[in-house]
Amino acid sequence: MRLEKQKQAHVLYSGQKNESIGMSLDMDSAQVLMQMLSKNLYSDSIGSTIRECASNALDSHRRAGVNKPIVVSLVQNDSNNWEFSVEDFGTGLDHYDVENIISKYGKSTKRNSDTELGMMGLGFKAPLAYASSFYFTCRKDGMERKYMMYEGEETNTIDLISETDTTEDNGVKVIVPIKWGDRHDFLKKIKQQLAYFEDVYFNVDDVDNNFIIHRSKLFQFSELADDEKLHICLDNVYYPIDFDKLGIDIIYIPVGLTFKITDGLFPTPNRESLIYTKETKSKILKKLAEFSDYFVEKYNENVTDSDDVKGYLDYYYNSSREVQLHGKVVDLNNLKDYITIPFAKPKLEGVDNWDISTFSRHEFNYLLGEYKCSYRYENTRMYQVKESNWGRSVSWNDMDKYHFKMQDGMRGHKKAYLREMCEDIVTAPRINGRNLSRVSFIRKTKSYPLTSTNNKDCYYDILKLTNYPKSQWRSVIKDFQYVESLLLNPIKDADLITPPQDWIDDRKANTVSKMRATKAAKGEKVEGDFTCKKAEQLLRYNDGRNCKFVSHRINIEAIETGGDTYVYTKHDDYMKLDDLYEETQRMPIKYITFSQRELDALSKSPKVTNLVSYDDFINGDEMFVRFITALYCHRFIQSGDTSDIFDKCNEIDKVKTKLSTKLKEVQEYSRAYIKGGRYESYKHGYKLLDHAEENDLFNAKIYDLVQELESFFIEHPYVNNIASVLGSHRQQDGLLDCLAQLFKCNGVPINSYYQFVKHKQEEQEQE
């Protein structure tokens, strides 16, 4: 930054001049001065450290003509301690530069530059405001030197730590150790201070390098910035606005006003804020006015005449004036004191004479003041809204709450039909993120007269007709009525809704069904009912019995629509069902018995697929196929040749996954349909296995799988022997090796990834 020197001093003397004394620095106070210029200079030590280091790096790139970005990092070092660093690839520094420039307070190479921000020779020392020491590595002309700058007892000091040859490009890397707990503050300040910096690569968690900076001559907006207030970007450096010094209220708009270094704004020596001179304030306020008018123009571009009555009314009802700025909402009311151009006023197509801008917010209630809510559907109940109810008024901006308009009454089929329509509306998917809890019907209850002598609402008062020539009164009233009609148009007219004939027929049928249900509740027999006995759980032990049969009444239609299968016999054959009752408890099967009279009546009724006789059941019903196949699997699992194998599926999986998968499939099918237990638990079911085999009543896939496994274990009996000791034996790995070797010797492929114990030991030794 170019520093303009004072060319002439004007001194007023009172008395005679005897002597002039030149001022200088007291070298005995050097450490105190250094502390003032480093540690005590900055009020925001973290923010200043980040800004100064990054600014110096970018200035170096500009000076060297380098196009690549600087690197800003917030990472953990080898000791797991957090560090902040900035690395550039610009001009670099040699030992002479460090000794004669970096080490000097007030020494700067930028005072004659209009493109660089530094001029005080203080920025490089900024990290000392945060830490008592920091490191910097300098590369120049094939030499790399590492230094440490720290606070000494008498003076701040720079130590040369190392010096080596290098082939890397020139550049400087500043490394600042971070105190415990300050990482999040550094992250926040990196986003704040560097939000508008170009040519920066962030090696920082939570910072996406794809963020966008939107720039214009008036303002800048950065997706990285988190300041919600208006601020200033002085040559892309962030500065908060001191609204008190500017003499204005805080403006909550998250953008930065654009200024260049040459615009006459100057930062304080610590570059944390601006110097608010009279000229500076004037320039900021001028830019603020231009900025405000810019957004009003943007707003006005989107204000057009249309037929959108809701948007039209919203504009005049609401005082907010908002525009979108790259995903952010800018409320122009924040800028009302600085706007110099008027807001555009939209017109509604078809409204030519009425000036709605004269309406106050309260007067908007007149728009639908002729209507009241007459019926309401809520909590499955349709009811009439009483005149005394405060909730009868209809608001123009709540039209999504009113679904019907009507003048006629509501009774009979129509009332029931409308109730169903209301239920569909209430249970429909969410609208605008919220569920509707009720549906309202509105009715016109009055009409505004032109004038009134008894303090009733009238057009003369509502529309302030005194503001218009009498010749326009009719047109103004028509405009008002037209707006009213536009608000009502989207609402369905319930008077035009007629229940369809098929719906009426269904309702009558449902009425009959309810009557039947009422009879059933009273114990009266209705059409489709049959008296039977139903198998139920024994309440106490009864030798030789698994269930008891209790008098019951079933309905054919109820059975057909239900999910259970009903298996029946005559009363005398109940023991056939008793035997199956216990064995099929896991399945959706009910067992019932009929008298011969009921069976004769049943034969004349329409056939129901899930009501089957015992004979039909055991001769191929889907439920029987599942049961008997599961029992076939159970017998195979319980047999002596395989009993141990199924318990060791997980161990076998390590050697031969294909075998364990088949075993698990058989086991899972069995468990799905029967409760398990020992062989003796299925005496009746096992009797039916021969019947099933003779008639091929098994699930073909599962049956073939069991057959395949049975043949395999007959051919390889050693599998069960080894499985019997797997899982508990100390030499389990050796047993698995034995099984694997036996498989290989007998031509049975094993898992390609299986490793024998010897190979495992060799790998462990190598590691």
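Observations
- Between the Cα long axis of helix 732-745 and the first principal axis of the chain there is an angle of about 70°, rounded to the nearest 10.
- Efficiency of FRET between residue 564 and residue 539 - r from beta-carbon atoms, R0 25 angstrom, step 0.05: 0.65
- Angle between the chain longest axis and helix 700-715 axis [Cα atoms, degrees, rounded to 10]: 90 degrees
- Spin-label model, residue 343/residue 160: points 7 Å from Cα along the beta carbon direction are separated by 6.8 nm.
- Highest mean packing first, where packing is the average number of other Cβ atoms within 10 Å per residue, the peptides 701-714, 54-67 line up as 54-67, 701-714.
- Packing, as the average of other Cβ atoms within 10 Å across residues, places the peptides 138-146, 580-588, 605-613 in the order 580-588, 138-146, 605-613, highest first.
- Lys, Arg +1 and Asp, Glu -1 on Cβ, resulting dipole of the range 624-766 about Cα centre, debye, nearest 20: 380 debye
- Interatomic Cα distance distribution for the chain, bins of 20 angstrom, percent: 11, 20, 18, 26, 21, 4, 1, 0
- Residue among 262, 494, 574 farthest towards the positive dipole end of the chain, charges placed on Cβ: 494
- This model, with +1 at the C-beta of Lys and Arg and -1 at the C-beta of Asp and Glu, gives the range 213-335 a dipole about its Cα centre of some 620 debye.
- Calculated FRET value between residue 609 and residue 388, using beta carbons and R₀ = 51 Å, to 0.05: 0.30
- Potential lengthening between residue 745 and residue 650 on full extension [0.36 nm per residue; Cα-Cα distance subtracted]: 32.0 nm
- The charge dipole of the chain, taken about its Cα centre with unit charges on the Cβ atoms of Lys, Arg (+1), Asp and Glu (-1) only, comes to about 3640 debye.
- Furthest towards positive pole of dipole, 565, 602, 531, structure part the range 521-618, Cβ charges: 531
- Using alpha-carbon coordinates, inclination of helix 473-488 to the longest axis of the chain, degrees: 50 degrees
- Taking 0.36 nm per residue of sequence separation and removing the Cα-Cα distance, the residue 141/residue 293 pair yields an extension gain of 49.4 nm.
- Order by protection proxy (mean Cβ within 10 Å, highest first), peptides 294-302, 266-274, 742-750: 266-274, 294-302, 742-750
- Global geometry of the range 129-178, whether rounded, prolate or oblate, following the gyration tensor of its Cα atoms and the 1.5 cut on a/c: prolate
- Maximal additional length on extending the residue 675-residue 596 stretch stands at 25.1 nm, based on 0.36 nm per residue less the C-alpha distance.
- Cross-linked pairs 401/508; 607/664; 456/478; 260/345; 179/281: Cα-Cα separations exceed 28 Å for 401/508; 607/664; 260/345; 179/281.
- Cross-linked pairs 656/683; 189/278; 68/189; 534/683; 68/286: Cα-Cα separations exceed 27 Å for 656/683; 189/278; 68/286.
- Residues residue 320 and residue 63, FRET efficiency given R0 of 45 Å [Cβ-Cβ distance, rounded to 0.05]: 0.40
- Hypothetical label at residue 754: residues of the range 708-722 whose amide nitrogen lies under 12 Å (7 Å Cα-Cβ projection): 719
- Rounded to the nearest 500, the 222 nm mean residue ellipticity of the chain from helices alone is -10500 deg cm²/dmol, with -39,500 (n - 2.57) taken per DSSP H run of at least 4 residues.
- Label-to-label distance for residue 285 and residue 201 is 4.7 nm, based on points extended 7 Å past Cα in the beta-carbon direction.
- For the range 624-766: span of alpha carbons on each principal axis (Å, largest first): 60, 27, 23
Since every read-out is calculated from the coordinates, none of them should be taken as a lab result. Being a predicted model, the structure only gives us computed values, none of them experimental. Cβ: placed from backbone, ideal geometry, glycine included. Neighbour counts: every protein chain shown.
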